Amino acid sequence: MGNKFFSKVQWGKETTRGTAVAADTIELGQSFAINPDRKPTYPVEQFGVRAESLRTVVHQYLVMNTLKSDHAYFQQLPITFGCGVKGGVTATETTPAQSDYLWAFTPSLTAANAPDAITIEMGDDVQAWEAEYCMFERIRIGGSVSQGMDASPVTLERDFFGRQLTATTFTGAISLPTVEPMNAKLARFYVDTAWAGVGGTEKTATLRGFDIEILTGLHPIFSGSAAKFFDTYAEGLIGVTATFTLEGNAAANAIFTAMQAQTFQAVRLKILGPQIGTGTTHSLSIDIGGTWESVIPMNGEDRSDNLTQAVFRGFYDATGAKLLAVNVTTNTSAY
């Protein structure tokens, strides 16, 4: 009988997209149901019997599922954005010999970003399955600042697609990772009026929570071939929406005014972690350019303090020539 505590997910980066590889990294997160990779069709036909179908047919395979982490950590981020936003990124060490590696995942909006693909192994102590050619089509990062001693974790969801499920055995002898958790209490919120000044104006004593969704535009392409799984992938439109819960203060009211005027703004959410050696700190920085789509003062309250909900919609800015910029610093130089 399979046991929940023996369930796990692990992955390896593919050298050639679609060619399965052995896993080399264990993912800390939540186990999930193994969705089927095929949908049988039962043709309705007439064949002289009081039954509507005689046979079943499976035409195509596709894996679709979600990796979830209720307590996300910085070392998860390079593979997340490398398989969803921009591939082939080489990390650069910020401080010599301190392993504080900076990853720049700002996607090109005019050329291919060539995201990487991974083979994911998933299952329990009874059965493992692997799916090759996995890429992330949606990335969601959220967090809420606790108003006491309770935890303020950052959550991470990544919707992925892959070619097919194949019964396998887990790759063995993989060490459990040493990780640095992300803390929503250490998230910082910036609002500026142009990409040139993004990250310059912090809105202190304002941020209560955040929920950022990135639609990567990645999708599988099926065409006539010798196999039932998808043949390749394509890059579509990149979309990003961010929802912030704010204190009902002057900063939130200024955002309401900017929403009414539809003033372009560049927003930064930055989550900091501890220092890496004597170098820089673990960090995640997400910059978005656009306007406020919806701002609702007094949308909620906490112990009689009014809260504002603000939804920011990203779009292309011709002056800054950007939509989205993502930078990660952690002690991982490869994935």
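The values are calculated or read from the model by the stated rules, or taken from the named source; none is laboratory data. Please read all numbers here as calculations on a predicted model, not as lab measurements. In this analysis, Cβ positions are derived from the backbone assuming ideal geometry, glycine residues included, and neighbour counts consider all displayed protein chains. The area values use the complete protein model at the heavy-atom level, side chains included, leaving out ligands, DNA and RNA. Shrake-Rupley method; radii C 1.70, N 1.55, O 1.52, S 1.80 Å.
Computed with every protein chain present, the accessible area of TRP11 is close to 10 Å² [probe 1.4 Å].
Would you please put 137-144, 314-321 in order of how densely packed they are, using the mean number of other Cβ atoms within 10 angstrom per residue and starting with the highest?
Values: 137-144: 20.6, 314-321: 13.5.
Put in order of decreasing packing, that is 137-144, 314-321.
What's log10 of I(q)/I(0) for the stretch 1-55 at q = 0.25 Å⁻¹, Debye sum over Cα points only, no solvent? One equal scatterer on each Cα of the stretch 1-55 leads to -1.09. Under 17 Å of direct C-alpha separation, and excluding same-chain neighbours fewer than eight residues apart, LYS68 reaches these lysines: LYS4, LYS8.
Quick one: angle between helix 250-261 and the longest Cα principal axis of the chain, in degrees between 0 and 90, rounded to 10, please. Approximately 70 degrees, to the nearest ten.
Taking 0.890 mPa s as the viscosity and 25 °C as the temperature, the Stokes-Einstein diffusion coefficient of the chain based on its alpha-carbon Kirkwood radius rounds to 113 µm²/s.
Within the shell of other residues whose beta carbon sits under 10 angstrom from the beta carbon of ALA20, the net charge comes to -3, with Lys and Arg scored +1 and Asp and Glu -1.
Rounded to the nearest 20 debye, the dipole size of the chain about its Cα centre is 320 debye, using +1 on the Cβ of Lys and Arg and -1 on the Cβ of Asp and Glu.
With 20 Å as the limit on Cα-Cα distance, the pairs of LYS185/LYS270; LYS39/LYS228; LYS185/LYS322 that go past it are LYS185/LYS322.
Given the Cα-Cα distance of PHE222 and GLU180 and 0.36 nm per residue of separation, how much length would full extension add, in nm?
Working: separation 42, 0.36 × 42 = 15.12 nm, distance 3.91 nm.
Result: 11.2 nm gained on full extension.
Here the chain exposes an accessible surface that is 52 percent carbon and sulfur, computed with a 1.4 Å probe and the other protein chains kept in place.
Shape analysis of the stretch 52-124 places it in the prolate category; the axes a ≥ b ≥ c from the Cα gyration tensor give an a/c of at least 1.5, with a/b above b/c. The magnitude of the dipole of the stretch 270-335, with charges of +1 and -1 set on the Cβ of Lys/Arg and Asp/Glu and taken from the Cα centre, is near 220 debye.
Accessible surface comparison of LEU215, LEU165, probe 1.4 Å, protein chains only, largest first: the order is LEU215, LEU165.
Roughly how many Å² is the accessible area per residue of the stretch 137-254, as a whole number, for a 1.4 Å probe? Show your work: numbers first, answer last.
Working: 5540 Å² over 118 residues.
That works out to 47 Å² for each residue.
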